[in-house]
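Structure first, commentary second.
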Amino acid sequence: MDYSHTLPNFVKVKRKISPAGVTLKTAAIIGLALLCVLFLFPVVWMVVSSFKTQDQIYTQLSSWRTFLPATWDVSKWFVSYKNLFNAFDYFGRSIINSAIYCTVTIVGVLLLNSFAGYALARLEFPGSKTIGTIVLLLIIVPVETSIVPMYVILKKLGLLEQSVRVVGYLLPGFVSAFYIFMFRQFFVGMPRELEEAARIDGSSRISTYFKIIMPLSKAIFATVAIFTFMGAWNEYVFAQLMFSKQSEMPLQVFLQLVNSFNPKDLSMVMAALTFSTIPIAIVYIFCQRYIIEGVSFSGLK
Amino acid sequence: MEKVKKPKSIYYKFLGKTYIKSDSIVGIAFILPAVVLGAIFVIAPMVISLSYAFTDANLLRLDEVAWAGFGQFKRAFTDPYLWNAFKNTLEFVVKVVPLQLLAALGLALILNTKIKGNTFFRWAFFCPVMLSLAVTSFLWMNLLNPQEGLINAFLGAFGVSPQPFLESPKQAMNVIVFVSAWQGAGYQMLIFLSGLKNIPPELYEAAGVDGAGSATKFFRITLPSILPTFSFVLVTMLIGAFRLMTQPMIMTDGGPVDSTMTMSFYIYRQGIKYRDVAYSSAIALIYTVFMSVIALTLRKVTDVKD
């Protein structure tokens, strides 16, 4: 009756898995679904609550309706968002601030680190080896670079003065050993022939860089831009130290004002939290490819 | 050919090494901005931190700094609040790293199979990663509000009495552990997934033909293949956990009764709030040495394969 020993091995293996595999898979799906609820419910609640009034949030708190909008009349969903702009004169301003800080940081990071990465990958000059080693060391050694010495430096440079504080906030974010290393690795992996062909045709190093290298490196530029954007948009600790004036605060710091506002309006808080998450969510949804690329890059080393 | 190679003018010697002139000019021009900013905002803070550790520097009078020898270090080793912050950080690390690592790895292993709803699950677990640390902290603060939070309302439906959560010295750190793992696990799951994807399917097929069971496949193929990824994730997660600061800063301000005061937060507070730059630098220096030793040993231990 048992034919298994006459069958080739792979058939036996297939048969063996099926009964146990089915129960295992069902268990896995049920477990996953439960975990899913655990991971999703706070986010769902945050978004849904931003569509309600504070009273609706509290009266529905103990029922499952807390996870559904109070009304399906979409025009009434955004009341607390409107209130947010009315209650806080600088809420809109903080969004603009965040956008400006992010844009400047991305441009600075892309230019500075890609230049440095290219120099380390392709050009030899006195000190290039040393700089390369320092960059690597900075990545490997986990220095507790607390904000304190940075604050001291900014103070000594006079960058804590109210009029130039923004500069003091943005400049330190421009260089990153990790991004220099990322660019370097990418450029090292590019075939040399491409630029050599251009060079033989009489193109200078610099124009080769802008005309040949940069257009061929869109992937790495996009990846670094996305990660920089997320870091800059989400920055909290340094930003709350630097900006005490409402008109200069980025959105993440402004959340503190909304959350501690008296009398507290929970729906307004949730609206502010949701609002500040939207740009990041958009980036994740539309730039998945680059994010996964960046993630696997960081996973490789 | 001769024209390009012969004229010596395009080469020059510096400290016994030959370089190409134009390459050097472009190279230095390209790297200069990064070097200048890096020197000011990366290297100089380290130097300042290192040298201030041996002084009595105060944020308010940075012009009159006097040497204090090892005074700050002696103070550090007898400071009960620092010891408390260290223990809290250690508690956080010991709890969050296994929790988050196993969650991320487990989810990745399950989602790496052809399970139904794979894409949806992937997005669901990744969803909290989209929230910033600040948003995560503010959100959970409200969810965990002892009087009118959703979690206590939920527990109440099962007859559980309201919990104090962040207002209790016993629960606060555990809450921060949970919230941090909740927010971060999806990201490491993605890293593991990309590691698992890189395992060539032929390996499994070959093993299957040789009659290997799924357990054998898992321990002989899957685990060894993702070991480098695992070690990378472990080290970065560990260092990240040792630097915990934003969550307690927002959710508890280090309290209640200093139960969520962490090393990074303590270093920050000493330097900024109490303006004691010297003491802050001394602690940062000790802590850097501590973290480097751990990170480098772990790298060595887990990188045997390379």
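What follows is calculated from the coordinates using simple rules that are stated; it is not laboratory data. The structure displayed is predicted, hence computed values, not measured ones. Here the Cβ is made from the backbone with ideal geometry for all residues, glycine too, and neighbour counts use every protein chain on show.
Peptide B:199-209 is shielded by partner chain Cβ atoms: per residue, an average of 1 of them sit within 10 Å of its Cβ. Would you work out if segment B:2-52 is rounded, prolate or oblate? Take a ≥ b ≥ c from the square roots of the eigenvalues of the alpha-carbon gyration tensor; rounded if a/c is under 1.5, else prolate when a/b is larger than b/c, oblate otherwise. Prolate.
Using Stokes-Einstein with the Kirkwood hydrodynamic radius over Cα pairs, what translational diffusion coefficient do you get for segment A:23-154 at 10 °C and a viscosity of 1.306 mPa s, in µm²/s rounded to a whole number? Diffusion coefficient, whole number: 75 µm²/s. Its Cα gyration tensor gives segment A:9-84 an equivalent ellipsoid, and the semi-axes of that ellipsoid, as √(5λ) in whole Å with the largest first, are 45, 12, 9. Take B:117-129, A:47-59 and order them by the average number of nearby Cβ atoms within 10 Å per residue, most first; the result is A:47-59, B:117-129.
Given the options A:Leu154, A:Ala27, A:Val104, identify the residue whose Cα lies farthest towards the positive end of the charge dipole of chain A (+1 on Cβ of Lys, Arg; -1 on Cβ of Asp, Glu). In chain A, that residue is A:Ala27.
Based on the alpha-carbon gyration tensor of the protein assembly as shown and its eigenvalue square roots a ≥ b ≥ c, which shape applies: rounded if a/c is under 1.5, prolate if not and a/b is larger than b/c, or oblate? Verdict is oblate for the protein assembly as shown. Arranged from fewest to most other beta-carbon atoms within 10 Å of their beta carbon, A:Val283, A:Val44 become A:Val44, A:Val283. Here chain B is treated as a Stokes sphere of Kirkwood radius computed over C-alpha pairs; at 25 °C and 0.890 mPa s its diffusion coefficient rounds to 103 µm²/s.
Note: relative contact order over segment B:132-245, using C-alpha pairs below 8 Å and six or more positions apart, is 17 percent.
Of A:Lys129/B:Lys13; A:Lys52/A:Lys264; B:Lys197/B:Lys217; B:Lys87/B:Lys273; A:Lys129/B:Lys197, which ones are farther than 24 Å apart at the Cα? Beyond 24 Å: A:Lys129/B:Lys197. 3J(HN,Hα) along segment B:28-36, derived from phi through the Karplus expression 6.51 cos²θ - 1.76 cosθ + 1.60 where θ = phi - 60°, amounts to 5, 4, 5, 8, 4, x, 5, 5, 4 Hz, with x in place of Gly and Pro. Going from the residue with the fewest nearby Cβ atoms within 10 Å to the one with the most, B:Ser161, B:Ser280, A:Ser267 rank B:Ser161, A:Ser267, B:Ser280.
Quick check on chain A: take the gyration tensor over C-alpha atoms, sort the square-rooted eigenvalues as a ≥ b ≥ c, and tell me if it's rounded (a/c under 1.5), prolate or oblate. Could you put the intermediate results ahead of the total?
Working: a/c = 2.34, a/b = 1.06, b/c = 2.21.
Taking the square roots of the gyration eigenvalues as a ≥ b ≥ c, chain A is oblate.
Since only B:Thr229, B:Tyr204, B:Pro45 are under comparison, the one whose Cα sits farthest along the positive direction of the charge dipole of chain B, derived from C-beta charges on Lys, Arg, Asp and Glu, is B:Tyr204. Only Lys, Arg, Asp and Glu carry charge here, each on its Cβ (+1 for the first two, -1 for the last two); on that basis chain B has a dipole of about 1160 debye about its Cα centre. Relative to the Cα centre, the charge distribution of the protein assembly as shown, modelled as +1 at Lys and Arg Cβ and -1 at Asp and Glu Cβ, gives a dipole magnitude of about 1440 debye. Remark: segment B:172-306 is approximated by an ellipsoid whose semi-axes, taken from the C-alpha gyration tensor as √(5λ), come to 41, 18, 10 Å, largest first. In terms of other Cβ atoms within 10 Å, B:Thr136, A:Thr23, A:Thr228, B:Thr216 run from fewest to most in the order A:Thr23, B:Thr216, A:Thr228, B:Thr136.
Here the 3J(HN,Hα) profile of segment B:201-216, calculated from phi with Karplus coefficients 6.51, -1.76 and 1.60 at θ = phi - 60°, is x, 4, 4, 5, 4, 4, 5, x, 4, 6, x, 6, x, 5, 5, 4 Hz, Gly and Pro shown as x.
About the Cα centre of segment B:245-306, how large is the charge dipole given +1 on each Lys and Arg Cβ and -1 on each Asp and Glu Cβ? Please answer in debye to the nearest 20.
On the way: 6 positive and 5 negative charges, 23 e Å.
Magnitude of the dipole: close to 120 debye.
Partner shielding of A:118-129 amounts to 6, given as the average count of beta-carbon atoms from other chains within 10 Å of each residue beta-carbon.
In percent, how large is the relative contact order of segment B:196-299, given Cα pairs closer than 8 Å and 6 or more residues apart?
Values: 57 pairs, mean separation 21.6, N = 104.
It comes to 21 percent, rounded to a whole number.
Here the 3J(HN,Hα) profile of segment B:237-252, calculated from phi with Karplus coefficients 6.51, -1.76 and 1.60 at θ = phi - 60°, is 5, 4, 5, x, 5, 5, 9, 3, 7, 4, 4, x, 4, 7, 7, 10 Hz, Gly and Pro shown as x. Take every pair of alpha-carbon atoms less than 8 Å apart whose residues are at least six positions apart; their mean separation over the length of segment A:9-84 yields a relative contact order of 28 percent.
Please compute the average number of Cβ atoms from other chains found within 10 Å of each residue's Cβ in peptide B:288-294. Don't jump to the answer; show the numbers that get you there.
Working: counts 6, 2, 2, 4, 5, 0, 1.
Mean number of neighbouring Cβ atoms from other chains: 3.
One Cα centroid belongs to segment A:36-59, the other to segment A:114-164; the line between them spans 43 Å.
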